[in-house]
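To keep things clear, I will list the structure first and then write my remarks on it.
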Amino acid sequence: MKREDCIFCKIAQGEIPSKTIYEDDTFRVILDLGPVTRGHALILPKEHAENIFELSEDIAGKAMVLAKHLAVVMRDRLHCSGLNLVQNNGVSAGQTVPHFHLHMIPRYEGNGKDLNWKAGEATQEELEAVRRQITQ
Ligand code: 5GP
Ligand code: ZN
């Protein structure tokens, strides 16, 4: 996708208004239009990269440092008791907007764990086969 067709490029560059909670030269952080919980925010790099495969290591590192900073702000200001970082890459992973974004989802006591996945099952042999496939 070209940058001029990308809605998150337009939001990150300030061409489309958004509820911005943080901005610097590299990132804009906005409130999600369809919040899963109160305070659900998206860290958007200003430079277009479709997903983690395209993202530079520099921006990847800075995004996590910013998430760490904002996590503390959210805990202090929103009084959330937990927080999920979620980052989808590719349609098969649930990505709907093809511009890298890191979800910050504050969690509150009593709001359930239905956002989290259920554990699957694997034998030791299956785990070993995966380990070999990744490392050898
Ligand atoms: P994804 O499914 O790609 O990981 O997440 C996309 C997220 O972007 C969704 O949570 C959706 O609610 C949010 N979103 C989509 N379009 C807009 C928009 O125009 N503005 C804002 N603030 N959020 C958006
Ligand atoms: Zn973009």
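Any lysines with Cα under 20 Å of the residue 46 Cα? List them, leaving off those in the same chain fewer than 8 positions away.
Partners within reach: 2, 10, 19, 62, 68.
For Cα pairs less than 8 Å apart in space and 6+ apart in sequence, what is the mean separation divided by the residue count of the chain, i.e. the relative contact order in percent?
Contact order relative to length: 23 percent.
By how many nm would the segment from residue 49 to residue 85 grow when fully extended, if each residue of separation counts as 0.36 nm and the alpha-carbon distance is taken off?
Fully extending the segment from residue 49 to residue 85 adds 11.1 nm.
Using only Cα atoms, tell me the angle between helix 124-135 and the longest principal axis of the chain; keep it within 0 to 90° and round to the nearest 10.
Between helix and principal axis, roughly 50 degrees.
Please list, in order along segment 102-115, the HN-Hα scalar couplings obtained from phi with the Karplus expression 6.51 cos²θ - 1.76 cosθ + 1.60 (θ = phi - 60°), rounded to whole Hz, x for Gly and Pro.
3J(HN,Hα) across segment 102-115, in whole Hz: 10, 6, 10, 10, x, 10, 10, 4, x, 8, x, 10, 5, 6.
What order do 52, 43 take when sorted by accessible area (1.4 Å probe), most exposed first?
52, 43
Would you compute the Debye intensity of segment 96-136 from its alpha-carbon atoms alone, equal scatterers and no solvent, and pass along log10 I(q)/I(0) at q = 0.19 Å⁻¹ to two decimals?
-0.84
Go through the chain and flag any cysteine with no other cysteine's C-beta closer than 4.7 Å, please.
80
Pick out, from 101, 130, 20, the residue whose Cα sits farthest towards the positive end of the charge dipole of the chain, with +1 on the Cβ of Lys and Arg and -1 on the Cβ of Asp and Glu.
20
In terms of solvent-accessible area of protein heavy atoms at a 1.4 angstrom probe, what is the ranking of 62, 68, highest value first?
68, 62
First compute the accessible area of the chain with a 1.4 Å probe, then give the percent of it belonging to carbon and sulfur atoms.
55
Going through segment 71-127, which GluC sites (Glu not before Pro) have at most 15 other Cβ atoms within 10 Å and a DSSP loop state?
Loop-located and lightly packed - 109, 121.
With the other protein chains left in place, how much accessible area per residue, in square angstrom, belongs to the chain at a 1.4 angstrom probe?
That works out to 68 Å² for each residue.
Which value, in Å² rounded to 10, gives the accessible area of residue 10 with a 1.4 Å probe and all protein chains present?
Result for residue 10: roughly 60 Å² accessible.
Along the principal axes of its C-alpha atoms, what lengths does the chain span, in descending order and rounded to whole Å?
52, 41, 24
Just to be sure I understand the curve: with the Debye formula and one point per C-alpha of segment 62-136, what is log10 I(q)/I(0) at q = 0.23, 0.24 Å⁻¹?
Per q value, in the given order, log10 I(q)/I(0) is -1.06, -1.08.
Please calculate the 1.4 Å probe accessible area of residue 72, with all protein chains present, and give it to the nearest 10 Å².
Only protein atoms counted, so the area is about 50 Å².
The values are calculated or read from the model by the stated rules, or taken from the named source; none is laboratory data. Values in this document were obtained by computation on a predicted structure and should not be read as measured data. We place every Cβ from the backbone using ideal geometry, glycine too, and count neighbours over all the protein chains shown. Remember, those area values only see protein heavy atoms, side chains included, never the ligands or the DNA or RNA. Shrake-Rupley method; radii C 1.70, N 1.55, O 1.52, S 1.80 Å.
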